[in-house]
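Engineer: Let me give you the structure first, and then I'll get to my questions.
The values are calculated or read from the model by the stated rules, or taken from the named source; none is laboratory data. Note that this is a predicted model, so its numbers are computed, not measured. Backbone-built Cβ (ideal geometry, glycine too); neighbour counts: all protein chains shown. To get the accessible areas, we keep the full protein, side chains included, count just its heavy atoms, and leave off ligands, DNA and RNA. Shrake-Rupley method; radii C 1.70, N 1.55, O 1.52, S 1.80 Å.
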Amino acid sequence: MFKELDGDAGIHAGEGYSGGAAQAPSLSHAQALPDAALVESPPLPRLEANRIEQEPAPLPWRARLDKWKHDIEAWCHNVELAPDLAADIGSPRWYRGLATLFGLSAAAVAFWPSFSAVEAATPIPFNDRIRDEFRSQTIAPLALGGDSGRKMGASPLVHPLARVPERPMIQLVSTLGQGDSLQRMLQRAGVGSSDISQVSELVARAVPPGEIASGTQFDITLGKRPAEGAPRALDELAFRARFDLDLAIERNDGALTLVRHPIAVDETPLRIRGTVGSSLYRSARNAGAPVAAIQSYLRAVDKYLSLESDVTSGDAFDLILAYKRSAKGERQVGELLYAGVERDGKPRLQLMRWGKDGQMFAASGIGETRSAPIGMPVPGRITSRYGMRRHPILGYKRMHAGIDFGAGYGTPIHAVSEGTITYAGRHGGHGNYVRINHGGGIGTGYGHMSRIAVKNGARVRAGQVIGYVGSTGLSTGPHLHFEAYRAGRTVDPMSIRFVSRPQLDGKERGEFKRRMNALLAVEPGAALANFATREEQLAEAEREIDRLAPKKIG
């Protein structure tokens with residue numbers, strides 16, 4: 001029953017024996033199982049039918065979708081399809097990212113939209129009649145004719161009329177253009193030549209046709225034609241001939257007659273007063289003075305006072321303008337009539353427009369003889385005085401026979417006193433030069449002008465513009481070289497004094513003072529009140545109870 005051990009086995013078994021009993025060696029799990037144990041055991045026999053097999057239940061579709069998503073994210077995380085191309089350049093990981101870039105770029109190019117023409121449905125064909133009907137239902141601007149949106153396209157059943165009756169009357173408005181004439185304007189409006197000649201003759205009786213301002217509108221009414229093909233007859237013509245006159249031409253019993261419609265006009269001058277403040281111009285504008293009136297005021301005052309040094313912020317300005325108001329509501333601003341400067345309530349300068357030439361006369365100098373130093377021909381500062389100096393161009397000392405005024409290029413140059421132009425033209429180193437003879441052996445010269453504004457032999461008045469500042473001749477920059485002569489020899493211009501004699505005689509001085517007193521009696525802003533005709537004023541003066549009272553007879 002038991003097999004005897006081999007000798008070697010006994011020897012091997014006896015090795016390591018110590019003591020009486022043998023010890024079992026320690027075996028691993030692989031050693032403990034025989035080779036046959038590693039072979040798959042045969043399947044167990046199936047149980048009886050009463051035993052139920054256990055199979056895993058299928059996962060729902062949402063759980064499967066989440067599992068697939070999780071697997072894809074894990075794969076992308078492990079593979080890393082889009083690594084940073086700035087790191088590990090040349091590695092397999094870098095080439096994988098480059099392949100991803102090219103793949104995405106190719107996909108973008110593949111989905112790029114095409115700009116080729118898209119074939120659309122062919123429009124329905126239509127002829128001229130259908131096109132006209134479509135166009136008649138649109139609205140075109142008047143600049144393109146405005147012949148749509150009014151009628152439907154004509155069908156074949158529509159027949160054109162052989163003759164259309166004309167309108168019995170046409171009313172239109174025509175405007176007199178700049179440089180236009182009354183005859184040409186009426187001819188363009190369709191008035192016949194015979195009516196044009198009659199209208200011109202009637203209008204000339206009331207106002208010269210040349211004095212009708214451009215832009216005047218004419219209300220024209222044309223009647224029936226006297227014969228087929230003839231121009232229409234003029235039934236009525238109305239326009240504003242002057243600020244105080246409306247004219248109308250009407251046809252009565254076949255003949256044209258002129259009807260005048262005078263317009264009540266109030267000519268109360270407009271007076272504007274105020275304090276100079278920091279700026280005379282801005283203060284006058286804030287007071288309501290027009291720009292042209294302020295410029296006229298500044299030019300008039302500047303001839304007598306320096307606007308920079310003689311006029312202070314506490315002074316008061318006073319200007320009076322010609323002003324008209326019509327009963328129709330129009331207002332017209334005229335020229336400057338009075339310019340004044342006051343200090344501490346007392347007049348410092350009073351100027352009034354007087355005479356045929358419309359010059360501004362100072363009230364303090366119309367009746368007395370005065371001696372005044374020579375004025376400044378140009379607004380500016382003195383840059384070089386009369387006397388010996390080193391010439392800036394020639395480089396050596398020589399006599400400077402005048403005064404240099406520094407001023408901007410193109411600044412107007414004014415005559416310091418009235419006189420006669422004895423020379424106007426090119427004059428050596430003076431460049432463009434003007435010389436004036438003021439009488440009594442006194443003369444003045446103006447050099448280096450950019451442009452001369454007077455002619456030789458002309459008579460000029462004090463303050464008149466004779467040229468403009470320039471840099472002609474021997475000049476280093478724009479300035480005015482101003483000289484003065486006595487008996488034909490140059491003298492220091494600052495030593496010259498002009499004697500002003502009375503410019504108005506005794507009778508004219510009285511009229512001058514009465515006119516100035518009448519202007520100074522005007523209240524500031526009185527001309528801006530509402531204008532009422534004399535009839536309206538009389539109606540307002542009469543009480544309502546007086547109108548109802550019985551009128552006395554005899």
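Engineer: Evaluate E = 1/(1 + (r/R0)^6) for residue 305 and residue 137, where r is the Cβ-Cβ distance and R0 equals 60 Å; express this FRET efficiency to the nearest 0.05.
Structural biologist: Working: r = 74 Å, r/R0 = 1.23.
For residue 305 and residue 137, the calculated efficiency is 0.20.
Engineer: I've got another one for you. Going 7 Å from the Cα of residue 313 in the Cα-to-Cβ direction, what parts of the stretch 283-304 have a backbone nitrogen less than 20 Å from that spot?
Structural biologist: 283-287
Engineer: Could you give the nm distance between label points at residue 384 and residue 364, where each point is 7 Å from its Cα heading toward the beta carbon?
Structural biologist: 3.6 nm
Engineer: Could I ask something else about it? Each residue of the stretch 210-224 in turn: what ³J(HN,Hα) in whole Hz from Karplus with 6.51, -1.76, 1.60 and θ = phi - 60°, glycine and Pro shown as x?
Structural biologist: Result, ordered by residue: x, 8, 6, 5, 5, x, 5, 9, 10, 8, 10, 10, 9, x, 6 Hz.
Engineer: How much accessible area does residue 476 have with a 1.4 Å probe, in Å² rounded to the nearest 10?
Structural biologist: 110 Å²
Engineer: Taking the stretch 284-369, which GluC sites (Glu not before Pro) meet the DSSP loop condition and have no more than 16 other C-beta atoms within 10 Å? Provide the component values of the computation, followed by the final result.
Structural biologist: Numbers: sites: 308, 330, 335, 342, 368; in loops: 308, 330, 368.
Listed in order of number, the matching sites are 308, 330, 368.
Engineer: At what distance in nm do the modelled label points of residue 106 and residue 275 sit from each other, each positioned 7 Å from its Cα along Cα→Cβ?
Structural biologist: Spacing of the two 7 Å Cα→Cβ label points: 8.9 nm.
Engineer: In nm, to one decimal, how far is the modelled label at residue 520 from the one at residue 409, with both set 7 Å along Cα→Cβ?
Structural biologist: Each label point lies 7 Å from its Cα, and together they span 4.7 nm.
Engineer: While we're on this one: Assuming R0 = 45 Å, what is the FRET efficiency of residue 158 and residue 119, from their Cβ-Cβ distance, to the nearest 0.05?
Structural biologist: Details: r = 39 Å, r/R0 = 0.87.
The calculated FRET efficiency here is 0.70.
Engineer: Let's test the formula: R0 of 35 Å, r as the Cβ-Cβ distance of residue 75 and residue 98. What FRET efficiency results, to the nearest 0.05?
Structural biologist: Details: r = 20 Å, r/R0 = 0.57.
Rounded to the nearest 0.05, the efficiency is 0.95.
Engineer: Please list, in order, the residues from the stretch 461-493 whose amide nitrogen is less than 15 Å from a point placed 7 Å along the Cα→Cβ vector of residue 422.
Structural biologist: 483-491
Engineer: Let me ask something additional. Give me P(r) over the stretch 220-301, computed from all C-alpha to C-alpha distances, binned every 5 Å, as integer percentages.
Structural biologist: With a bin width of 5 Å, the distribution comes to 3, 11, 13, 11, 8, 7, 7, 7, 7, 7, 7, 5, 3, 1, 0.
Engineer: Moving on. Taking the Cα centre of the stretch 181-294 as origin and charging only Cβ (+1 Lys, Arg; -1 Asp, Glu), how large is the dipole, in debye to the nearest 20?
Structural biologist: On the way: 14 positive and 13 negative charges, 127 e Å.
My answer is approximately 620 debye.
Engineer: To continue, here is another question. How about the stretch 214-251: which GluC sites (Glu not before Pro) there are in a DSSP loop, with at most 14 other Cβ atoms within 10 Å of their Cβ?
Structural biologist: Listed in order of number, the matching sites are 228.
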